Amino acid sequence: MPTYETMTRFNNDLDRLTPEQRQRFRQTVTAFVEDLRTGRFRAGLRIKRVQRAPGVYELTWSMGTGPAGRATWEYGAPIVPGERHIVWRRIGTHDILTGP
């Protein structure tokens, strides 16, 4: 099972999301974790590198009405041997990419 940690900015961003937006993120993370195990991300997660932020990736999903949801993350040092460790950096809309 992959491990994770969250940065303070991620926690602050998460607190600003509506309960529905948080639920949609949790659903997306379920697929993300499945794909971490297989080593191949499905196209629907729209994962790509963040420009001008080496080692930082963006995950995009639908938040229903309004702009798409985004979360930025990076791989951290493994905590459990052989398992990926994810560091969640930011969550919100496209605006988070100004300080991913």
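Values computed for the structure shown
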{"item": "Net charge of neighbours whose Cβ lies under 10 Å from the Cβ of residue 60, counting Lys and Arg as +1 and Asp and Glu as -1", "result": "+2"}
{"item": "Crossing angle, helix 19-38 versus the chain [Cα axis fit, 0-90 degrees, rounded to tens]", "result": "20 degrees"}
{"item": "Solvent-accessible area per residue, Å², over the chain with all protein chains present [probe radius 1.4 Å]", "result": "62 Å²"}
{"item": "Net charge dipole size for the chain [Lys, Arg +1 and Asp, Glu -1 on Cβ; Debye, nearest 20]", "result": "260 debye"}
{"item": "Apportionment of accessible area to carbon and sulfur, the chain, percent (1.4 Å)", "result": "51 percent"}
{"item": "Cα radius of gyration and Dmax for segment 26-100 (Å)", "result": "12.5, 40"}
{"item": "Residue (of 78, 59, 44) at the positive-pole extreme of segment 41-81, dipole from beta-carbon charges", "result": "44"}
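The values are calculated or read from the model by the stated rules, or taken from the named source; none is laboratory data. Just so you know, these numbers come straight off a predicted model, no measurement behind them. Glycine also receives a Cβ, built like all others from the backbone with ideal geometry; neighbour counts cover every protein chain displayed. Accessible surface is based on the protein model in full, side chains and every heavy atom, while ligands, DNA and RNA are left aside. Shrake-Rupley method; radii C 1.70, N 1.55, O 1.52, S 1.80 Å.
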